[in-house]
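To start, the structure itself, in structure tokens.
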There are 2 protein chains.
Amino acid sequence: MLIVKKFGGTSVANKERIFNVAKRCIEDYKEGHDVIVVLSAMGDSTDELIEKAKDINPNPSKRELDMLLTTGEQISVSLMAMAMGALGVPAISLNAAQVAMHTTSSYGNARLKRIDSERIRNELDARKIVIVTGFQGVNKFEDLTTLGRGGSDTTAVALAAALHADKCEIFTDVEGVYTADPRKIEKAKKLNEITYDEMLELATLGAQVLHNRSVEMAKKYGVTLVVRSSLNSNEGTIVKEEVDVESMLISGVAADKNTARISVIGVSNEPGIAFKIFNSLAKHNINVDIILQSVGRDGTKDISFTVEKENLKEAVDVLESGKAVKCQKIETDEKVAKVSIVGAGMNSNAGIAAKMFEALYNVGVNIHMISTSEIRVTVLIDQDNVDIATKAVHAAFLED
Amino acid sequence: MLIVKKFGGTSVANKERIFNVAKRCIEDYKEGHDVIVVLSAMGDSTDELIEKAKDINPNPSKRELDMLLTTGEQISVSLMAMAMGALGVPAISLNAAQVAMHTTSSYGNARLKRIDSERIRNELDARKIVIVTGFQGVNKFEDLTTLGRGGSDTTAVALAAALHADKCEIFTDVEGVYTADPRKIEKAKKLNEITYDEMLELATLGAQVLHNRSVEMAKKYGVTLVVRSSLNSNEGTIVKEEVDVESMLISGVAADKNTARISVIGVSNEPGIAFKIFNSLAKHNINVDIILQSVGRDGTKDISFTVEKENLKEAVDVLESGKAVKCQKIETDEKVAKVSIVGAGMNSNAGIAAKMFEALYNVGVNIHMISTSEIRVTVLIDQDNVDIATKAVHAAFLED
């Protein structure tokens with residue numbers, strides 16, 4: 001088997017942890033598998049480098065910041081190779097340029113375009129463990145780039161895809177993917193399996209186990225993902241295209257407080273209004289989530305939608321600049337949250353949404369907005385109600 | 001003009017010093033010159049990285065150690081680019097792979113083979129200051145290598161040669177090249193000019209201002225070197241092919257305690273003996289310096305020579321193993337030192353050596369061995385006599 005294993009910064013934060021990871025990888029190697037290890041920078045070292053940069057230039061060039069930050073992963077991969085060497089196993093570290101991991105040019109948030117697999121194949125054929133810098137790439141100018149948030153997960157999945165790995169294991173500080181946030185919902189259960197689509201909805205909805213881009217890529221190239229604990233050898237959660245038909249209708253409940261509602265009140269009821277609003281927001285790279293449109297009694301329309309909290313001010317500015325559309329007033333509400341249920345079995349079962357609404361009604365939670373997809377139902381509620389709502393919905397669907 | 005400027009680790013050890021170097025480079029840039037800056041790793045960071053490595057593996061792979069160490073210069077060049085950016089001057093940092101600086105494969109002590117100048121030329125044409133990582137290169141496997149001791153000087157000279165720079169300035173913590181070590185000889189004077197050959201003899205003889213490899217390369221490609229202080233804007237010492245005929249017969253006096261004498265006593269007086277001895281030492285990479293051969297009264301020969309102190313034990317082992325040559329006994333002496341005078345004008349003046357011996361005789365210093373070249377006279381004396389000997393010779397030749 002060819003296995004790609006990804007470990008985050010906390011897993012390689014010091015000598016002891018580096019050796020733990022090394023031993024874990026060597027187990028697979030000694031069973032005869034080919035092993036590729038993807039690492040993030042040690043502990044807080046990326047933050048420390050950013051601090052150093054900002055001390056010299058509060059607004060550093062993104063190209064130079066990437067040049068600086070990419071040293072972090074190069075340090076962890078070379079030290080890991082030395083640790084494996086100390087344990088008597090041949091290993092080699094490779095940075096993004098050596099692999100090479102080709103990306104788009106945009107520094108700080110580059111996208112992977114293509115991976116050369118020849119060097120890695122040769123090193124694997126020589127029976128070495130190959131240790132690759134996560135989070136980074138090279139662009140067409142041969143400049144170093146970074147992949148942005150969750151970048152190391154993406155590196156691991158991309159390598160697994162390029163080399164047709166049998167699986168890609170993402171090691172984390174939780175046991176796997178849960179039916180709800182286990183810190184909030186006592187009865188949350190670990191899932192054995194989940195589909196890419198469910199995982200995508202959960203990632204989007206704030207479950208924060210895997211980054212969306214890595215799941216999208218895994219789905220696109222059919223890479224079997226395993227989310228598991230770096231602290232023990234429990235089996236974790238497998239993310240793949242299809243799961244057992246026997247599996248639950250609903251895989252999980254996710255809550256997301258990073259949302260705000262905007263209501264554009266009293267726009268004229270004519271074609272193209274919605275287009276104008278959302279087009280003007282899109283031009284400012286503001287993503288819009290749940291959308292609700294209603295016709296008022298005076299013949300005007302109200303359009304409500306949600307955005308991420310950090311985009312609220314800019315969205316309102318865009319709308320108030322008047323370039324988007326004329327309206328009577330703009331209302332905003334930051335004290336809202338989304339609660340969602342996700343399940344691949346949902347679309348063959350009509351009563352799911354009703355059952356969710358009933359569970360919320362029973363605990364007195366008022367629903368502001370509703371959005372559905374084939375495998376998801378999301379409601380917008382008051383932020384204060386998030387915990388009680390999540391608990392009630394989890395109990396209705398996921399507890400015996 | 002195209003100017004290459006090289007700064008060592010202490011010159012970029014903290015934010016304040018980084019800005020000092022940045023300002024210094026910007027002065028030249030604003031006068032319209034093209035500027036390439038070569039930097040070492042910040043302060044003690046290379047030593048800190050080595051310590052980290054040895055903590056994980058006391059005997060780390062040299063390839064992985066180079067992978068680790070090269071992050072040091074990448075950090076200093078990116079921070080320098082940010083500092084210049086903060087001062088409003090366009091700058092770009094490039095690592096060895098981006099340049100590219102092609103080297104031999106030998107990790108930890110690679111030799112530069114070829115430099116691609118296209119990327120640097122393009123960035124200079126775009127009126128950017130180009131900041132290059134010193135001390136490092138890439139080999140034919142696209143692996144990172146380091147150049148060994150004095151490597152950043154070599155990087156700077158090689159770039160100056162490849163780009164036909166008008167001069168290559170090496171910034172250091174002294175004012176330039178002196179007629180003797182100014183910490184030892186109070187009346188030592190700074191030289192305005194010195195030839196490559198003299199500088200090579202002085203570097204070899206322990207003056208430690210410039211690394212030999214960088215001077216050899218400067219001579220080979222005719223790069224004008226300037227050794228000057230990073231603390232002020234005094235003019236420093238120019239190292240070039242020929243200096244004023246008016247210049248002094250003797251450029252400097254150098255002392256070197258890193259030497260040991262070996263005497264091979266009583267070898268048979270037949271052809272090939274010297275070859276056998278020095279060939280066997282060369283096979284162990286032991287460099288031999290002053291050689292003296294004498295015929296003894298019983299028809300056997302004595303052969304004496306000096307090696308660097310750290311090679312003494314191995315040299316004796318090689319000789320005693322009997323594979324080299326048969327002899328009556330081997331004597332060694334570590335308590336010796338070399339004192340040398342160097343001067344391009346020496347070979348046209350017959351009395352120089354005699355004047356040196358007279359100066360030593362006057363202060364009661366006994367000479368064990370003598371070696372001369374066209375521009376150098378070296379004597380081996382007791383180590384305890386080094387200071388008095390250096391002072392006497394300096395007074396005889398270099399003081400009014």
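The values are calculated or read from the model by the stated rules, or taken from the named source; none is laboratory data. For clarity, every value in this text was computed on a predicted model and none was experimentally measured. Neighbour counts are summed over all protein chains in view; Cβ atoms, including those assigned to glycine, are modelled from backbone coordinates with ideal geometry. Accessible surface is based on the protein model in full, side chains and every heavy atom, while ligands, DNA and RNA are left aside. Shrake-Rupley method; radii C 1.70, N 1.55, O 1.52, S 1.80 Å.
Each residue in region B:76-90 was checked for being facing chain A (nearest Cβ under 8 Å) and buried (at least 24 other Cβ atoms within 10 Å of the Cβ), and 6 pass.
The single condition from (1) under 30 Å from A:E27 (Cα atoms); (2) without any contact (Cβ under 8 Å) to a residue 40 or more places away in the chain that A:D173 fails is (2).
When B:D44 is tested against the conditions (1) closer than 22 Å to B:I129 by Cβ; (2) away from chain A (no Cβ under 14 Å), the lone failure is (1). Yes or no: B:T372 open to solvent by 10 Å² or more (accessible area, probe 1.4 Å) and under 22 Å from the mean Cα position of the chain (by Cα)? So B:T372 passes the test. Across region B:55-64, a minimum of one residue is classified as more than 7 Å from every other protein chain (Cβ to nearest Cβ) and either of a type in the set (A, V, I, L, M, F, W, C) or open to solvent by less than 60 Å² (accessible area, probe 1.4 Å) (or both).
Every condition in (1) out of contact with any His (no Cβ under 9 Å at 6 or more places or on another chain); (2) open to solvent by 20 Å² or more (accessible area, probe 1.4 Å) holds for A:R114 except the one numbered (1). In contact with a His (Cβ under 8 Å, 6 or more places away or on another chain) and aliphatic (A, V, I, L, M): is that true of B:V243 in this structure? No, not satisfied. Looking across B:A110, B:A96, B:A100, one residue alone is at pLDDT 95 or above and on the phi < 0 side of the Ramachandran plot. It is B:A96. Looking at region A:245-351, the strands (runs of 3 or more DSSP E) lying wholly inside it that each contain 1 or more residues that are modelled with pLDDT of 90 or more and within 29 Å of the chain's Cα centre (by Cα) sit at A:252-256, A:260-268, A:300-307, A:329-333, A:336-342. Counting only helices (runs of 4 or more DSSP H) wholly contained in region B:25-112, the ones carrying 2 or more residues that are among the polar types (S, T, N, Q) occupy B:45-56, B:62-86. When the residues of region B:178-219 are filtered to those that are closer than 23 Å to B:D289 by Cβ and among the basic types (K, R), the one that is most open to solvent (accessible area, probe 1.4 Å) is B:K184. Flag not set for B:N139, criterion: in the same structural domain as B:A13 (by TED's automatic domain parsing), without any contact (Cβ under 8 Å) to a residue 40 or more places away in the chain and within 30 Å of B:S340 (Cα to Cα).
Within region B:23-41, the only residue that satisfies the criterion of being out of contact with any strand residue (DSSP E or B) (no Cβ under 8 Å at 6 or more places or on another chain) and open to solvent by less than 30 Å² (accessible area, probe 1.4 Å) is B:A41.
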